[in-house]
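Novice: Structure incoming, see below.
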Amino acid sequence: MLIPHSLYQPGETLVHRLHPLTKLVYSLAAAAIIFGGPGMWLSAILPGLLAILLLWRAGLTGRAVIMVLRLLAPLTLVLFLVHGLFNPQNQTILIQLGPFFVGQEGLAFAALIVVRLIAVLVSSLSFVMTTHPAHLVQALEEAGLPRRLAYLLGSPLLIMPQLAGRVQAIQAAQQARGLETQGNLLMRIRALFPLVAPFIFSALVDVEERSLALEVRGFSASTPKTSLFELPDTPAQHTARWVMFLLAAFLLAAGFWWRANGGH
Amino acid sequence: MAAIDISGLTYTYPGSLVPALRNISFAVEPGQLVAVVGANGAGKSSLCLALAGLIPALYHGQIQGSVTLNGMDTRLHSPGEFAGRVGLVLQNPTNQLSGMRYTVYEEVAFGLENIGIPRQEMPPRIEHALALVGLTDLRDRSPYTLSGGQQQRLALASILAMEPPILILDEPTAMLDPQGSQNLFEIVQKLVHTGTTVIIAGHQLEWISRYADRVIALAQGEVILDDTPAKVMASPLLTQSGIGWLRYTLAAHQAIARGLWPASRPLPVTVEQAGEGFRQTNQRIEGQEQTDADPD
Amino acid sequence: MSLKEQLKKDFSTITLTLMAVAIVLNIVLGQVVSLLKLPIFLDSIGTVLVALLAGPWAAALTGLLTNLIWGLISDPVAAAFAPVALIIGLAAGLCAKYGLFKKWWQAIISGVIITLALSIIAIPIRVYMFGGVTGSGADFITAYLLATGRDLFSAVIVTVIGDNLIDKVVTALLAWGIVKGLPKRFTARFPRASAVTE
């Protein structure tokens, strides 16, 4: 069972060295534009190309392609099949298959969805693969995210491997006692509770001790927090973030207007 | 002023019918090393939480009496105000990691950031704490790749960097191997020499006998003994309350009936004392044999 | 009590550590259970536990962050469904608040309510972002419904509800059972848990 640590790929490229918030704002702006901007195909393709450029600059095109294939290939196949054959808007027949036919409208519909999904995925990958999760959390804290929220965002990543290890230990112990996890439906259902319940209980027991440890480290102290070090940021990036935000807002509004006036 | 002053403390958890702590009163002077012993369920952990200012603030429930830590009454202050003034180390090493930091160095800094220590003061404190617990070489490692003993030392360092004058340790070696335990005790000794008031709760009776200034024994939430190790560790009340004696204390006690331990000599609470006493017996026996063998 | 005080009370340190552990439970159990290949995911068990112990807002946040974090570390596609996870927490918390998690049969009803609530959000996301398909076997049903003349929206309703109903009922029952089995000393730290434990 694979519990990933993160998608982050260490590196020293320009993209890697951008401030985490810059990359976060970028991927959010891109997602907004891809789905809500004017001109269906243009709004999807342009941000996607930009993201591919960023990934190339970061030296991550190979890995990104693998991820896109892994995450979207099944979906793409099903989309083309289902909509090519069964989309209610299908009128223009491209290929006749007995009582069914492959329709152009359905294929076009599926194609647009696929392009959008790929574009939004590569946009978020250009952010996620070049940013260490800890730096993202710190960047958010520096920007004013309350420490409590930062804790919720940051600590699951580090707690996870420990708890995942415990599940495997419980699974091994139960299997040694004769628990079957393969086999027919009934067996698998019965395997569920003895696997899941001890794990949940033991995780909950930890909750109390963890909260005490945080308290004595001053987690709920009301003194203003200080920090050990700061992430490097530039005024240029600061401006860029605002520009991207405004651009996305503008394009979203434009997209709204465009759709309201019959664009499709 | 006493570092710790408990007066008539009686505490009952919410939803519980029986008090966890009953009419507890004692005072601890600064720089003392006090051990708290008791069978499981006797109230050691509850006492530790009360001494750290977390009971009653976090647990609510019913409380009578008071706990004052360097002048601060725990009924009147929130746990956040005690951070940096009282330290608490618990049993499970991994649960005490913040989960927010990727290196040992930053993990130690976490508490300092929370209580608002200025940035330039952090590195000396962190270096000092790491040196004290012997983790300086591991400063860039991820806390989650450390062994249990190392993680426990990291938990301790994270508290020590905050420089609390009072330190409470609740069964700190329960999940450690003998080497890890030994390391931890050595660190605690160093701390006491620098003036920190330390309360340590647990079952490590040998070490307690050797190094504690004072031992408090709990049974069913009450204090049954409060005296020097020599007096407490050889008291019959210890075995009656389920805590038990050290092996050589027991051996010496049984030896008295057979004339193998000088009756006037106090029962041993360390292995050295046991050695001394039995050596005396040995010399007496050898002297007897000498006299027996020599008919003159 | 002012809003700030209420927020501090609802998000006490122990609630936060509960939420962090719950997020991990969602992710880890989601992975483990998927290996059993049942129509059950258990990837919102943590969210519902938080709902029962700490209320709707904490649970909503737990669900939201679970998907965001999962999107960050493994599958950005999951981030798109963060609103769905939020609704699960909200619905479960509200059910608990209004007394619908006291008995086991009430937990089943709550599971159904949660399914319906999440569908309201999940269906538009499915349709508009993913063209109504999931990449899994459920798409056969969607295809069939489309072929018989349904529009995309109605076709997806059946698959979304069908996919989730068993899982959410099992999740609700399991969460109920666990909270009932927790020691009083633990649940006493969570003021809102009394809606379930009493």
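The values are calculated or read from the model by the stated rules, or taken from the named source; none is laboratory data. Since the structure is predicted, the reported quantities are computational estimates derived from the model, not experimental observations. Cβ atoms come from the backbone with ideal geometry, glycine included; neighbour counts cover every protein chain shown. Surface areas here come from the heavy atoms of the whole protein model, side chains and all, with no ligands, DNA or RNA. Shrake-Rupley method; radii C 1.70, N 1.55, O 1.52, S 1.80 Å.
Novice: How many residues does the stretch A:75-84 contain that are open to solvent by less than 60 Å² (accessible area, probe 1.4 Å) and either at the interface with chain C (Cβ under 8 Å from one of its Cβ atoms) or out of contact with any Gly (no Cβ under 8 Å at 6 or more places or on another chain) (or both)?
Specialist: Residues of the stretch A:75-84 that are open to solvent by less than 60 Å² (accessible area, probe 1.4 Å), as a first pass: A:75-76, A:78-79, A:82-84.
This time we only want the ones that are either at the interface with chain C (Cβ under 8 Å from one of its Cβ atoms) or out of contact with any Gly (no Cβ under 8 Å at 6 or more places or on another chain) (or both), so: A:75-76, A:78-79, A:82-83.
Qualifying residue count, the stretch A:75-84: 6.
Novice: Here is a follow-up. Have a look at A:22, A:61 and point out the one that is open to solvent by 20 Å² or more (accessible area, probe 1.4 Å), in contact with a helix residue (DSSP H, G or I) (Cβ under 8 Å, 6 or more places away or on another chain) and either in contact (Cβ under 8 Å) with a residue 12 or more places away in the chain or assigned by TED's automatic domain parsing to the domain that holds residue A:117 (or both).
Specialist: A:61
Novice: Please return the ranges of strands (runs of 3 or more DSSP E) entirely within the stretch B:132-242 where 3 or more residues are modelled with pLDDT of 90 or more and crowded, with 20+ Cβ neighbours inside 10 Å.
Specialist: Values: elements: B:166-170, B:197-201, B:214-219, B:222-227.
Here the list reads B:166-170, B:197-201, B:214-219.
Novice: Turning to a different aspect of this structure: Any idea which of C:96, C:175 is within 14 Å of chain A (Cβ to nearest Cβ), in contact (Cβ under 8 Å) with a residue 40 or more places away in the chain and among the hydrophobic types (A, V, I, L, M, F, W, C)? Show your work before the answer.
Specialist: On the way: C:96 fails: within 14 Å of chain A (Cβ to nearest Cβ).
Only one candidate qualifies: C:175.
Novice: Say whether the condition of being away from chain A (no Cβ under 13 Å), part of a helix (DSSP H, G or I) and out of contact with any Pro (no Cβ under 7 Å at 6 or more places or on another chain) is met by at least one residue in the stretch C:12-26. Can you show your working first?
Specialist: Keep residues of the stretch C:12-26 that are away from chain A (no Cβ under 13 Å), which gives none.
Checking the stretch C:12-26: not a single residue is away from chain A (no Cβ under 13 Å), part of a helix (DSSP H, G or I) and out of contact with any Pro (no Cβ under 7 Å at 6 or more places or on another chain).
Novice: Do we have residue B:9 as in a loop (DSSP other than H, G, I, E, B) and either out of contact with any Phe, Trp or Tyr (no Cβ under 7 Å at 6 or more places or on another chain) or crowded, with 17+ Cβ neighbours inside 10 Å (or both) here?
Specialist: Details: in a loop (DSSP other than H, G, I, E, B): no; either out of contact with any Phe, Trp or Tyr (no Cβ under 7 Å at 6 or more places or on another chain) or crowded, with 17+ Cβ neighbours inside 10 Å (or both): yes.
No; evaluated as a whole, the condition is false for this residue.
Here's the yes/no breakdown for (1) within 14 Å of chain A (Cβ to nearest Cβ); (2) without any contact (Cβ under 8 Å) to a residue 24 or more places away in the chain; (3) of a type outside the set (A, V, I, L, M):
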{"residue": "B:52", "(1), (2), (3)": "yes, no, no"}
{"residue": "B:75", "(1), (2), (3)": "no, yes, yes"}
{"residue": "B:107", "(1), (2), (3)": "yes, no, yes"}
{"residue": "B:110", "(1), (2), (3)": "yes, no, yes"}
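Novice: Right, next: Give me a count of the residues in the stretch C:56-86 that are among the small types (Gly, Ala, Ser), surrounded by 24 or more Cβ atoms within 10 Å (Cβ to Cβ) and more than 10 Å from the chain's Cα centre (by Cα).
Specialist: Restricting attention to the stretch C:56-86, the residues satisfying the condition of being among the small types (Gly, Ala, Ser) are C:58-60, C:63, C:71, C:74, C:78-80, C:82, C:85.
Narrowing the set further to residues that are surrounded by 24 or more Cβ atoms within 10 Å (Cβ to Cβ) leaves C:58-60, C:63, C:85.
Retained after the next criterion (residues that are more than 10 Å from the chain's Cα centre (by Cα)): C:58.
Residues flagged as among the small types (Gly, Ala, Ser), surrounded by 24 or more Cβ atoms within 10 Å (Cβ to Cβ) and more than 10 Å from the chain's Cα centre (by Cα) within the stretch C:56-86 amount to 1.
Novice: For residue B:62, all conditions in the list (1) over 21 Å from the mean Cα position of the chain (by Cα); (2) open to solvent by 30 Å² or more (accessible area, probe 1.4 Å); (3) without any contact (Cβ under 8 Å) to a residue 40 or more places away in the chain hold save one; what is the number of the exception?
Specialist: Only one criterion in (1) over 21 Å from the mean Cα position of the chain (by Cα); (2) open to solvent by 30 Å² or more (accessible area, probe 1.4 Å); (3) without any contact (Cβ under 8 Å) to a residue 40 or more places away in the chain is unmet by residue B:62, namely (3).
Novice: Mind checking which residues of the stretch A:177-235 are in contact with a Ser or Thr (Cβ under 7 Å, 6 or more places away or on another chain), more than 7 Å from chain B (Cβ to nearest Cβ) and open to solvent by 20 Å² or more (accessible area, probe 1.4 Å)?
Specialist: A:188
Novice: Now a separate question. Among the residues of the stretch A:130-165, count how many are part of a helix (DSSP H, G or I), surrounded by 13 or more Cβ atoms within 10 Å (Cβ to Cβ) and more than 9 Å from every other protein chain (Cβ to nearest Cβ).
Specialist: Of the residues in the stretch A:130-165, the ones part of a helix (DSSP H, G or I) are A:133-142, A:147-165.
Restricting the remaining residues to those that are surrounded by 13 or more Cβ atoms within 10 Å (Cβ to Cβ) gives A:133-142, A:147-164.
Those left that are additionally more than 9 Å from every other protein chain (Cβ to nearest Cβ): A:135, A:138-142.
Within the stretch A:130-165, residues that are part of a helix (DSSP H, G or I), surrounded by 13 or more Cβ atoms within 10 Å (Cβ to Cβ) and more than 9 Å from every other protein chain (Cβ to nearest Cβ) number 6.
Novice: Turning to a different aspect of this structure: Going residue by residue through the stretch A:98-113, is there one that turns out to be crowded, with 17+ Cβ neighbours inside 10 Å, under 21 Å from the mean Cα position of the chain (by Cα) and in a helix (DSSP H, G or I)?
Specialist: yes
Rundown of residues vs (1) modelled with pLDDT under 85; (2) within 11 Å of chain C (Cβ to nearest Cβ); (3) closer than 27 Å to residue A:14 by Cα, yes/no style:
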site	(1), (2), (3)
A:26	no, no, yes
A:35	no, yes, no
A:49	no, no, yes
A:58	no, no, yes
A:73	no, yes, no
A:86	yes, yes, no
A:99	yes, yes, no
A:111	no, yes, no
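Novice: Just to check your reading of the model, which residue among B:88, B:69 is facing another protein chain (nearest Cβ under 9 Å) and in contact (Cβ under 8 Å) with a residue 40 or more places away in the chain?
Specialist: On the way: B:69 fails: facing another protein chain (nearest Cβ under 9 Å).
Exactly one of B:88, B:69 is facing another protein chain (nearest Cβ under 9 Å) and in contact (Cβ under 8 Å) with a residue 40 or more places away in the chain, namely B:88.
Novice: Quick check on my filter: what residues within the stretch B:75-98 are among the hydroxyl-bearing types (Ser, Thr, Tyr) and either at pLDDT 95 or above or open to solvent by 30 Å² or more (accessible area, probe 1.4 Å) (or both)?
Specialist: Once the filter is applied, which keeps residues that are among the hydroxyl-bearing types (Ser, Thr, Tyr) and either at pLDDT 95 or above or open to solvent by 30 Å² or more (accessible area, probe 1.4 Å) (or both), the stretch B:75-98 yields only B:78.
Novice: Check whether at least one residue in the stretch C:113-124 is free of Cβ contacts under 8 Å to residues at least 12 places away in the same chain, part of a helix (DSSP H, G or I), touching a helix residue (DSSP H, G or I) at 6+ places or on another chain (Cβ under 8 Å) and surrounded by fewer than 20 Cβ atoms within 10 Å (Cβ to Cβ), and report yes or no.
Specialist: Pass one, the stretch C:113-124, residues free of Cβ contacts under 8 Å to residues at least 12 places away in the same chain: C:124.
Checking the rest, the ones that are also part of a helix (DSSP H, G or I) come to C:124.
Still in the list and also touching a helix residue (DSSP H, G or I) at 6+ places or on another chain (Cβ under 8 Å): none.
No: the stretch C:113-124 contains no residue that is free of Cβ contacts under 8 Å to residues at least 12 places away in the same chain, part of a helix (DSSP H, G or I), touching a helix residue (DSSP H, G or I) at 6+ places or on another chain (Cβ under 8 Å) and surrounded by fewer than 20 Cβ atoms within 10 Å (Cβ to Cβ).
Novice: Give the residues of the stretch B:21-39 that are more than 16 Å from the chain's Cα centre (by Cα) and open to solvent by 20 Å² or more (accessible area, probe 1.4 Å), sorted by residue number. First the steps, then the outcome.
Specialist: Going through the stretch B:21-39, the residues more than 16 Å from the chain's Cα centre (by Cα) turn out to be B:21-25.
B:22, B:23, B:25 - these are the residues of the stretch B:21-39 that are more than 16 Å from the chain's Cα centre (by Cα) and open to solvent by 20 Å² or more (accessible area, probe 1.4 Å).
Novice: Quick check on my filter: what residues within the stretch A:215-264 are within 30 Å of residue B:97 (Cβ to Cβ) and part of a helix (DSSP H, G or I)? Walk me through it before giving the result.
Specialist: Of the residues in the stretch A:215-264, the ones within 30 Å of residue B:97 (Cβ to Cβ) are A:215-233.
Result: A:215, A:216.
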